[in-house]
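The values are calculated or read from the model by the stated rules, or taken from the named source; none is laboratory data. Bear in mind the structure is a predicted one, so any value in this text is a computation, not a measurement. Every residue, glycine among them, receives a Cβ derived from its backbone with ideal geometry; neighbour counts consider all protein chains shown.
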Amino acid sequence: MSPAAYSRQELLIAAVTRLLEGCRHVAVGASSPIPGGAALLGRALSGGAMRVSVLGSTRNNFFTNGGVELFDCAAQGRVDAFFLSGGQIDGQANINLVGTGPYPRSDVRWSGSFGSAYLYFLVPRVILFREEHSRRTLVEKVDFISAPGVSALNVWRRGGPQALITNLCLFAFDKAKGCFRLESVHPGHTVEEVLDQTGFTFDRPGNVPETPPPDAAALALMRGAIRAEIAETYPRFAATAFAAGETA
Amino acid sequence: MNDPLMPSVAALAARIPDGAKLAVPADYSGVAMAATRALVARGARDLHLVCVPVSGLQADILIGAGCVSTIETAGITLGEYGTGPRFAQAVKAGSLRLLDATCPALHAGLQAAEKGIPFMVLRGILGSDILARRPDWLVIGNPFAAEPADDPIVALPAIHPDVALFHAPLADRAGNVWIGRRRELMTMAHAATLTLVTVEQVVDKDLLADDATAAGTIPALYVSGVAEAPAGAWPLNLWDRYEADGVTLAAYVQAARSDAGFADFLARWLDGRLKGGAVAQAAE
């Protein structure tokens, strides 16, 4: 398969889907089309073993107890994986969804922390997702901690960061050391590029593997059922993210 | 006998006083945009907006129109259209008192109010700058732990809104309001002193008579006023009953980047020159 046989979004969806293996219930928050696509692909590949709730969706959201139910559900241990992003993410996996510069009069103000300060502690497998990989987004230290990556030993914490995926690469988070480790670099990119574009230090093995491309079965699902499902919540994304070409 | 039915949206909005602590729902839940227009038209001031748990167009317009002095929210977002331009501008100008929160904390504060207890506790939040910036949120030791100090937990004070304002599909003539699965609207009504609701339609049947609607209905006991407002969430969606008006939302985000653009949008929205898509036109 040539690199042009799949789109950047399709590569990311396939990579995120691999991180969700074995999950019984994956929840996807607001403004997350690629994680949403990955969760729906994971469900399709699981043969029905995985449940998915997509916030903002009517068809892919089975909650009936209002906005609080996702948080209660997570507190009960019934959400295995969730996605968080950040305007800034730092080397200790702290995320900032609030803004840059001094608080409260932020230079650039973002939306806000949403459920991050809570779900980061309650959901076992939190996958950080940020397409833009630059020294602007991946910083040494965030300007505002919406949710901390690690906690003191006496703080009750079931969950936390598992991985960080960007347009360039996939990092795993080492909870004991409190830092990221480079797992794989996406096809067409290099370790040097990752080093150059990352504002925090991270561990890496001597030989960094390439992120595996999506296989033909995953591509066929993405371009068929998944594209139609994701269009309900993200019509703009569904119209542009999937390659129209042959799948082989 | 109590008659919750109000003659107009303007009469309903007139019951929200300046300085009120006003609870409003997220865009997915049912936002009373027609009533918000009336609130802006009457020149409301000094509102303390409690977003349950986030807001978008409604908060951004109220902020831009100078109606809000304090905002308590887990986020301001217009979804695929971006963040609220007037919110960001007000933050930068320092003209808004910010109470940044996280979604479950806002739900918990309202739940404390509906139970009549002073606070609720929640896991998580510890070590965040949200907590550091909220002197009204306290860290206590779990009193049931062997060593309470070894199990810190965040205590969130009850949130008592003066008014809850939202939009729903149906009410009946007694003032019972059908909210389906949007249970946060029920919590808001329980917690607020005054609950004001706009609905697509007031129906003649009794919504409590049938179990299929009763379970998703706020009893009139909690409802202070209802006004009919067809397409009352426009330009936002009402659940999956009608879609958001993407053209108007995109135009808003573009216009609201500048003071002049926002002022022009506001003027056209207030005097009715701003026309919606099929949903809004069908309602006229």
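Looking across the range B:93-104, just one residue is within 16 Å of residue B:21 (Cβ to Cβ) and in contact (Cβ under 8 Å) with a residue 40 or more places away in the chain, and that is B:101.
Determine whether residue B:106 is over 30 Å from residue A:107 (Cα atoms) and crowded, with 23+ Cβ neighbours inside 10 Å. When the stated conditions are applied, residue B:106 does not pass them.
The set of residues in the range B:241-284 that are modelled with pLDDT of 90 or more, surrounded by 17 or more Cβ atoms within 10 Å (Cβ to Cβ), over 21 Å from residue A:234 (Cβ atoms) and aliphatic (A, V, I, L, M) comprises B:255, B:256, B:266. Of all residues in the range B:136-154, exactly one satisfies the criterion of being farther than 25 Å from residue A:141 by Cα, more than 7 Å from every other protein chain (Cβ to nearest Cβ) and crowded, with 16+ Cβ neighbours inside 10 Å, namely B:153. Residues of the range B:162-186 that are more than 17 Å from residue B:201 (Cβ to Cβ), surrounded by fewer than 24 Cβ atoms within 10 Å (Cβ to Cβ) and either within 12 Å of the chain's Cα centre (by Cα) or within 13 Å of chain A (Cβ to nearest Cβ) (or both): B:163, B:181, B:183, B:186.
Between A:134, A:113, the distinction of being within 8 Å of chain B (Cβ to nearest Cβ) and part of a loop (DSSP other than H, G, I, E, B) belongs to A:113 only. Residue by residue through the range B:70-90, note down the ones that are touching a Gly at 6+ places or on another chain (Cβ under 9 Å) and farther than 21 Å from residue B:188 by Cα. Residues satisfying the conditions are B:78, B:79, B:80, B:81, B:83, B:84, B:85, B:86, B:87, B:88, B:89, B:90. Selection of strands (runs of 3 or more DSSP E) fully inside the range B:19-92 by the criterion of at least 1 residues being in contact (Cβ under 8 Å) with a residue 60 or more places away in the chain and hydrophobic (A, V, I, L, M, F, W, C) returns B:21-25, B:47-52. Within the range B:37-49, is even one residue in contact with a Pro (Cβ under 8 Å, 6 or more places away or on another chain), modelled with pLDDT of 95 or more and either buried (at least 24 other Cβ atoms within 10 Å of the Cβ) or more than 9 Å from every other protein chain (Cβ to nearest Cβ) (or both)? No; the residues of the range B:37-49 include none that is in contact with a Pro (Cβ under 8 Å, 6 or more places away or on another chain), modelled with pLDDT of 95 or more and either buried (at least 24 other Cβ atoms within 10 Å of the Cβ) or more than 9 Å from every other protein chain (Cβ to nearest Cβ) (or both). Every condition in (1) surrounded by 17 or more Cβ atoms within 10 Å (Cβ to Cβ); (2) without any contact (Cβ under 8 Å) to a residue 24 or more places away in the chain; (3) over 25 Å from residue A:38 (Cα atoms) holds for residue A:150 except the one numbered (2). Look at the range B:255-268: where a residue is within 18 Å of residue B:78 (Cβ to Cβ) and a partner is among the charged types (D, E, K, R) and not in a loop (DSSP other than H, G, I, E, B), sitting 6+ places away or on another chain with Cβ atoms under 7 Å, you get B:255/B:264; B:256/B:60; B:256/B:86; B:262/B:86. Return a yes/no flag: does the range A:81-99 have any residue that is at the interface with chain B (Cβ under 7 Å from one of its Cβ atoms) and within 17 Å of the chain's Cα centre (by Cα). Checking the range A:81-99: not a single residue is at the interface with chain B (Cβ under 7 Å from one of its Cβ atoms) and within 17 Å of the chain's Cα centre (by Cα).
Can you confirm whether the range A:113-134 contains a residue that is polar (S, T, N, Q) and either without any contact (Cβ under 8 Å) to a residue 12 or more places away in the chain or touching a Gly at 6+ places or on another chain (Cβ under 6 Å) (or both)? No - not one qualifying residue is present in the range A:113-134. Filtering the range B:92-135 to residues that are more than 7 Å from chain A (Cβ to nearest Cβ) and polar (S, T, N, Q) leaves B:95, B:111. Could you list, in sequence order, the residues of the range B:50-63 that are of a type outside the set (Asp, Glu), buried (at least 24 other Cβ atoms within 10 Å of the Cβ) and either away from chain A (no Cβ under 11 Å) or within 14 Å of residue B:262 (Cβ to Cβ) (or both)? Result: B:50, B:57, B:58, B:59, B:61, B:63. For the range B:124-136, the candidate set comprises residues that are in contact with a helix residue (DSSP H, G or I) (Cβ under 6 Å, 6 or more places away or on another chain) and in a loop (DSSP other than H, G, I, E, B); within that set, the residue that is farthest from residue A:99 (Cα to Cα) is B:124. Please determine, by comparing only the residues of the range B:1-18 that are assigned to a loop (DSSP other than H, G, I, E, B) and small (Gly, Ala, Ser), which one is surrounded by the most Cβ atoms within 10 Å (Cβ to Cβ). The extreme case among them is B:14. Taking the criterion of being within 11 Å of chain B (Cβ to nearest Cβ) and among the aliphatic types (A, V, I, L, M), the residues of the range A:25-80 that qualify are A:30, A:55, A:68, A:70, A:74, A:75.
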